[in-house]
Each structure stands twice: as C-alpha cells, then as structure tokens.
Amino acid sequence: MSGHSYSLQDLASEVNGRLVGEPTTEIYSISTIQNASSGCISFLANPKYKKFLSDTQASAVIISPENESDLRGSGIIVDDPYAAYAIISSMFVIFKNPYEDMVKSFAVHESSIIDDSAILGPNVYIGPNCIIGANSIIHANCSLVMNVEIGKNSIIHPNSVLGSDGFGYAPSHPGYVKIEQLGKLIVGNSVEIGASCTIDRGAIDHTEIHDGVKLDNQVHIAHNVILGKNSAIAASCAIAGSTVIGKNLQMGGLSGILGHLEICDNVLIGAHTLITKNITDPGDYVGIMPAQEKKDWAKSSVFIKKRNDK
C-alpha cells in the first residue's frame with residue numbers, strides 16, 4: 001500500500017471521468033487488472049488484457065466507453081484509460097524527493113547555476129557552465145560534464161552522463177588528433193532521460209533535446225544531434241552525430257539512426273531497425289528479419305538482395 005487513499009469520486013474528478021458505482025469507495029493503491037485485490041484501482045488500455053475484466057478483484061477499473069458494457073463492478077469511464085492511469089499514478093507516489101533525508105555528496109562548479117527548487121541526488125557531479133531549471137531532478141550518480149542546460153520539470157535518472165565529449169577526431173600521420181567539443185547540450189522542459197544514458201555536447205553547434213522528449217535506459221545520442229519535441233525512444237537505441245530529427249519520433253528498442261541524416265516529423269521506427277537514409281515522409285518504418293537457422297538466413301538474404309537490385 002502507498003500510504004495514501006482516495007475516494008473513487010476523488011479519482012474520477014482528477015481525470016474528468018464519469019463514475020460508475022459507489023463514489024465513497026476507498027482506493028489505496030493501483031494494480032494491474034489481473035493481479036488486483038480489494039482496495040485497488042486498475043485500468044484496461046490494451047485489448048489483450050480484456051479477458052481479465054470479468055474476474056478482476058479490483059474495487060474499480062478505469063475503462064473506455066466502448067468497453068463499459070463489459071464492466072462488472074465500479075469504474076471510471078474516460079476516453080483514454082492509459083492517460084488517466086498516468087495521472088492517477090502521480091497521486092500514489094510516497095517519496096516526492098527520495099533524497100530528502102539522505103546525506104548528500106555532490107560537486108557543483110562555481111560557474112554553474114542551479115534553481116533552488118531542483119533536486120540533486122547523492123554523488124552528482126555538475127561541471128562548468130551548467131544550468132538546471134526549476135523543479136528538475138538529477139538522480140544519483142549522474143554527471144553533467146560541462147556546458148549542459150536543463151530546462152524546467154525535467155528528470156535525469158541514475159548514472160546518466162550528459163555533456164560528455166563527442167566522438168571527434170581528425171586522422172593524421174602519427175594518429176588521431178582530438179577535436180575539442182566546444183558546443184552545448186541543451187535539454188528542454190519536461191524531458192525525462194532514463195538510467196545510464198549518454199548524450200554528448202556539441203562540437204561547435206549544440207546538441208539539442210527538445211521539450212517533452214522521453215528516453216528509456218541506455219540510450220546514446222551523439223554530438224550535434226537535434227531531437228524534436230515529444231519524441232520517445234526505447235532502450236538501447238543510438239543516434240549518430242549531426243542527425244536532425246523532427247517532432248514525435250517513436251523509436252523501438254535496439255534501433256539506430258546513422259549520422260548526418262534528416263528525419264521528418266511523425267516517424268515511427270520499429271525495434272531493431274537501422275535507418276541509413278533520410279526520411280522525408282511520415283510513417284512506420286521497420287527493418288526486422290525474424291530469426292532463422294543460419295542456412296535459411298543465407299537463402300533469404302540472397303532473395304532480398306535480388307529483389308532490391310531489380
């Protein structure tokens with residue numbers, strides 16, 4: 001249990017939903033529809049979980065109007081149950097600031113500016129010329145190396161490194177000569193960056209992560225990438241340097257985008273897909289080959305090559 005409880009009417013009002021059932025029913029926690037018990041509220045957003053609706057032990061279910069006829073007990077009727085669940089989930093958070101009572105040890109360079117409302121976790125390093133906006137949270141063991149600007153209400157999860165050196169070297173006769181990375185990393189408002197992500201600062205111009213972007217864990221974004229508003233990238237993806245991406249990108253896990261490309265608005269990239277060319281038309285792009293025995297893959301690859309050569 002979370003320690004908080006709300007009446008069903010409280011929750012319905014919070015999401016502007018239509019209440020079905022007893023308004024005074026007390027809700028103590030949120031649960032999945034298949035694992036719920038009395039005192040829980042659940043939700044039905046994915047059709048494949050509809051089979052659990054008739055047997056759920058939840059005291060109430062957040063549900064859409066088209067599924068209301070299948071509701072067996074109390075509920076909250078909303079157009080988007082998943083969005084309503086997201087709103088209600090914030091009401092059951094126990095520790096708004098998990099570091100409030102901990103002894104902290106972090107280093108902040110004298111040239112950096114941190115808003116008084118920002119939260120820094122233990123062992124955070126803030127290097128030179130960094131700015132952290134209001135109500136942003138930098139979780140434990142993060143490093144803002146240098147020239148990093150973070151807007152308002154953004155969250156950086158543990159062990160992420162922002163503003164690291166971009167991968168820039170000039171080949172020469174004795175070996176590679178390092179190109180110093182002189183630009184910034186600019187992170188907008190309401191951005192969430194998952195655990196163990198790495199985002200490089202720019203070489204001359206800036207790396208930019210625009211408002212509303214959400215990154216899963218272990219995402220790498222190279223120097224001078226521009227990532228448009230409200231994009232969402234799943235775990236273990238990588239975007240190479242100087243690629244410019246429009247708003248509303250959705251990128252499935254283990255995908256990649258090569259460098260110096262342009263990707264238009266409203267592009268969906270399927271899991272395990274590599275983008276090698278500019279994308280100028282919105283749409284859903286997938287390059288997945290199902291797993292096969294090695295000999296079957298060899299035959300398939302020959303067939304695909306012949307088709308593409310026509």
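Things worth noting here:
- Among residues other than PRO282 with Cβ under 11 Å from its Cβ, the summed charge is -2 (Lys and Arg +1, Asp and Glu -1).
- The phi torsions of the stretch 151-162, fed into the Karplus equation with coefficients 6.51, -1.76 and 1.60 and a -60° offset, translate into couplings of x, 8, 6, 9, 10, 10, 7, x, 6, 7, 10, 10 Hz, rounded to whole numbers, with Gly and Pro shown as x.
- Exposure proxy ranking, count of Cβ atoms within 10 Å, fewest first, for PHE167, PHE92, PHE303, PHE43: PHE303, PHE167, PHE92, PHE43
- Listed by chain and number, the lysines whose C-alpha is less than 20 Å from the C-alpha of LYS294, apart from same-chain residues fewer than 8 away, are LYS305, LYS306.
- Backbone N under 18 Å from the GLU180 label point (7 Å along Cα→Cβ), restricted to the stretch 124-138: 127-130
- Pairs from the table (LYS214/LYS299; LYS104/LYS152; LYS184/LYS229) lying more than 28 angstrom apart at Cα are LYS214/LYS299.
- Among beta bridges identified by DSSP and lying wholly in the chain, the antiparallel ones come to about 10 percent.
- The stretch 51-112: projected area of the alpha-carbon convex hull, averaged over directions, in nm²: 7.9
- Label of the coordinate-derived value, percent of Cα pairs over 34 Å apart, listed as (i) 34; (ii) 41; (iii) 22: (ii)
- Normalised by residue count, the stretch 6-92 yields a Cα convex hull volume of 75 Å³ per residue.
- Where only C-alpha atoms are counted, convex hull volume of the stretch 169-310 per residue in Å³: 154
- Per-residue Karplus couplings for the stretch 243-256, computed as 6.51 cos²θ - 1.76 cosθ + 1.60 with θ equal to phi - 60°, are listed in order as 7, 10, 10, x, 7, 6, 5, 10, 10, x, x, 6, 9, x Hz, Gly and Pro entered as x.
- Top positive-direction residue, dipole computed over the stretch 6-92 with Cβ charges, set THR32, ILE62, SER13: THR32
- Label-point separation in nm, GLU293 to ILE94, each point 7 Å along Cα→Cβ: 5.3
- Residues of the stretch 120-155 with an amide N closer than 19 Å to a point placed 7 Å from the Cα of ILE113 along the Cα-to-Cβ direction: 120, 126-138, 144-154.
Bear in mind these aren't lab numbers, they're just calculated from the coordinates by the rules spelled out. Not measured: the values here are computed from a predicted model. Cβ coordinates were reconstructed from backbone atoms using ideal geometry, including for glycine residues, and neighbour counts include every protein chain displayed.
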